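Dropping a structure here in structure tokens format, bear with me for questions.
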Amino acid sequence: MYLCGFDLVLVQLYFGTIVPSFYIIIGSKDKEREKAIEDLTQLLKVFEEGIEKDFPGQSPFFNGEILGYLGIVVGSHACNYQAVDEAIGVVLISEKNPEFLSWINALKNCPLMTETLPPHDKLVAKLSARLKST
């Protein structure tokens, strides 16, 4: 597995800033939710810029072949974005972030991810039940 300092910076950006914004969206309604989704879109743009700057033409794979630390760590969470969308009834990651969507969809097709990600329907059911109980 390939690991460098840039991976760690992007992982910190993702889990330190982007992931908490998901919780803000889930816990908000109406205009507050719209603002939180727009903030998420802007954060994902920064993430996209970081990927392009640090890994031009290589994401999500190092040298086009090997899944790296960044892909594994972020992909294990972000590849489930459609299940989260369905569970809360809102599109969180849209075409406003085409590079991020492209990167995540490429990750979803990687054998490691297809073998380890939870089944979509089961995840939607579990997330929906969890959200209804809170």
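Using +1 at the Cβ of each Lys and Arg and -1 at the Cβ of each Asp and Glu in the chain, identify which of Leu127, Thr41, Val11 lies farthest towards the dipole's positive end.
Farthest towards the positive pole: Leu127.
Given a 1.4 angstrom probe, what's the average accessible area per residue across the chain, in square angstrom? It would help to have the intermediate numbers written out before the result.
Details: 7810 Å² over 134 residues.
Result: 58 Å² of accessible area for each residue.
Another question about this same structure. Per residue, how much space in cubic angstrom lies within the convex hull of the C-alpha atoms of the chain? Spell out each step's value before the answer.
Details: hull volume 13.4 nm³, N = 134.
Once divided by residue count, the hull of the chain is 100 Å³.
For the range 73-90, what does the Karplus curve 6.51 cos²θ - 1.76 cosθ + 1.60, with θ = phi - 60°, yield as ³J(HN,Hα) per residue in whole Hz, taken in order and with x for Gly and Pro?
Each residue of the range 73-90 in turn: 5, 6, x, 5, 9, 5, 5, 9, 4, 5, 5, 5, 3, 5, 5, 9, x, 9 Hz.
Please compare each pair in Lys35/Lys126; Lys29/Lys96; Lys29/Lys126 to a cut-off of 23 Å on the Cα-Cα distance and tell me which ones are over it.
On the way: Lys35/Lys126 27 Å; Lys29/Lys96 21 Å; Lys29/Lys126 21 Å.
As for pairs spanning more than 23 Å Cα to Cα, those are Lys35/Lys126.
Tabulate in residue order the Karplus-calculated ³J(HN,Hα) for the range 95-112, using 6.51 cos²θ - 1.76 cosθ + 1.60 with θ = phi - 60°, rounded to whole Hz; enter x for Gly and Pro.
Per residue, the Karplus-derived 3J(HN,Hα) values read 5, 5, 10, x, 5, 5, 4, 4, 4, 5, 5, 5, 4, 4, 8, 6, x, 4 Hz.
The values are calculated or read from the model by the stated rules, or taken from the named source; none is laboratory data. Only a predicted model underlies this, so the values are computations on that prediction, with no experimental measurement involved. Note: ideal-geometry Cβ built from the backbone for every residue, glycine included; neighbour counts use all protein chains shown. Note: areas computed on protein heavy atoms with side chains; ligands, DNA, RNA excluded. Shrake-Rupley method; radii C 1.70, N 1.55, O 1.52, S 1.80 Å.
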